[in-house]
Amino acid sequence: MHEIERRGLIDCALSMKRESLVRGSGGNVSLRVDLDRVLITPSAMDYETMEISDICCVDLSGNMVEGTRRPSSDISAILYIMRNMPRAKAVIHTHQPYATALSLVADELPADLVTVIDELGGAVRVAPFTRSSDEGMGIQTVEYAGDSNAVILKHHGVVAWGNDADSALSAAVNLEEGCRCFLAALATGLPLAHLTPEQIADESKERGYYGQPG
Ligand SMILES: [Zn+2]
């Protein structure tokens, strides 16, 4: 069942590594395939050798539906997010270094870069520390999500989501670029320039030009 989606999860996890968002078997990728079925990467297995039969299928309460592997240790947090934030059809969790570094010195990545506004829906907030692998990580993610499609977890990493694994990955990659840029600016010690609420609202407007006509 869901062979294409399972392959998509492994490809997304490999991209997560290629983009330096995780090391080793860190992080996880999950996808809601219907009302009560979620595919999720297994706990502590190498993505490079992962096969589609290693992907776990669980219901929204965490009961195994299909598979022999133990699901990611963050499963209760991921399922909490999917139950309480329906727009999170695909969720990825990373330990990306620039966003995690920002969590130690700031409360949010402000909406001062067009990429942050266009790709992340605005400022991305830092959620307070909670122990890893607990449902609390999911509770804080939902609490701090706002209109964005990612949350930075203080002392930990990032949760990003979207309609599919590719858009969740894209949110995490754009967040990392934004945090890298913001930290570089902060490191100069010079005052930061900010966009006004009017400029942010104007940048957010759909202009229908980007990309190729279909
Ligand atoms: Zn983690």
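Any read-out appearing in this document is the output of simple, stated calculations on the displayed coordinates, not a laboratory observation. Values in this document were obtained by computation on a predicted structure and should not be read as measured data. Heads up, the Cβs are rebuilt from the backbone with ideal geometry, glycines too, and the neighbour counts pull from every protein chain shown.
A Cβ distance below 8 Å, combined with a sequence gap of six or more or placement on separate chains, defines the contacts here; from the range 35-52, residues that are under 19 Å from W161 (Cα atoms) reach residues that are among the acidic types (D, E) and surrounded by fewer than 16 Cβ atoms within 10 Å (Cβ to Cβ) in the pairs D36/D59; R37/D59; V38/D59. So which of V105, V116, V65 is assigned to a strand (DSSP E or B) and more than 16 Å from the ligand (Cβ to nearest atom)? Only one candidate qualifies: V65. For the range 149-169, the set of residues classified as buried (at least 24 other Cβ atoms within 10 Å of the Cβ) and either among the aromatic types (F, W, Y) or part of a loop (DSSP other than H, G, I, E, B) (or both) consists of N149, W161, listed by residue number. Kindly evaluate A201 against the criterion of being farther than 29 Å from K17 by Cα and either free of Cβ contacts under 8 Å to residues at least 24 places away in the same chain or of a type in the set (A, V, I, L, M) (or both). Spelling it out, A201 is indeed farther than 29 Å from K17 by Cα and either free of Cβ contacts under 8 Å to residues at least 24 places away in the same chain or of a type in the set (A, V, I, L, M) (or both). The residues listed here are D164, D134; of these, the one that is away from the ligand (no atom under 16 Å from the Cβ), touching a residue at least 40 places away in the same chain (Cβ under 8 Å), more than 16 Å from V22 (Cα to Cα) and not hydrophobic (A, V, I, L, M, F, W, C) is D164.
Among the numbered conditions (1) under 13 Å from L31 (Cα atoms); (2) of a type outside the set (D, E, K, R); (3) more than 16 Å from the ligand (Cβ to nearest atom), the only one that I78 does not meet is (3). Only one of the numbered conditions (1) assigned to a loop (DSSP other than H, G, I, E, B); (2) touching a helix residue (DSSP H, G or I) at 6+ places or on another chain (Cβ under 9 Å); (3) touching a residue at least 24 places away in the same chain (Cβ under 8 Å) is not met by G24, and that is (3). Put simply, of G138, G208, G146 the only residue that is surrounded by fewer than 22 Cβ atoms within 10 Å (Cβ to Cβ) and within 30 Å of G62 (Cβ to Cβ) is G146.
Would you call L190 free of Cβ contacts under 8 Å to residues at least 12 places away in the same chain and assigned to a loop (DSSP other than H, G, I, E, B)? For L190, the condition - free of Cβ contacts under 8 Å to residues at least 12 places away in the same chain and assigned to a loop (DSSP other than H, G, I, E, B) - is met. Contact annotation: residue pairs with Cβ atoms under 7 Å, 6 or more positions apart or on different chains, pairing a residue in the range 144-160 that is more than 14 Å from the ligand (Cβ to nearest atom) with a partner that is among the aromatic types (F, W, Y), are N149/W161. The set of residues from the range 23-41 being surrounded by fewer than 21 Cβ atoms within 10 Å (Cβ to Cβ) and within 16 Å of the ligand (Cβ to nearest atom) comprises R23, G24, S25, G26. When the range 170-184 is limited to residues that are within 16 Å of the ligand (Cβ to nearest atom) and over 14 Å from R125 (Cβ atoms), the one that is surrounded by the most Cβ atoms within 10 Å (Cβ to Cβ) turns out to be A172. Farther than 24 Å from I10 by Cα, surrounded by fewer than 22 Cβ atoms within 10 Å (Cβ to Cβ), more than 16 Å from the chain's Cα centre (by Cα) and of a type in the set (K, R), is that true of R131? Here the answer is yes, as R131 does meet what is asked.
Just one residue in the set V116, V105, V124 is in contact (Cβ under 8 Å) with a residue 40 or more places away in the chain, more than 26 Å from L14 (Cα to Cα) and either out of contact with any His (no Cβ under 7 Å at 6 or more places or on another chain) or surrounded by fewer than 18 Cβ atoms within 10 Å (Cβ to Cβ) (or both); that residue is V105.
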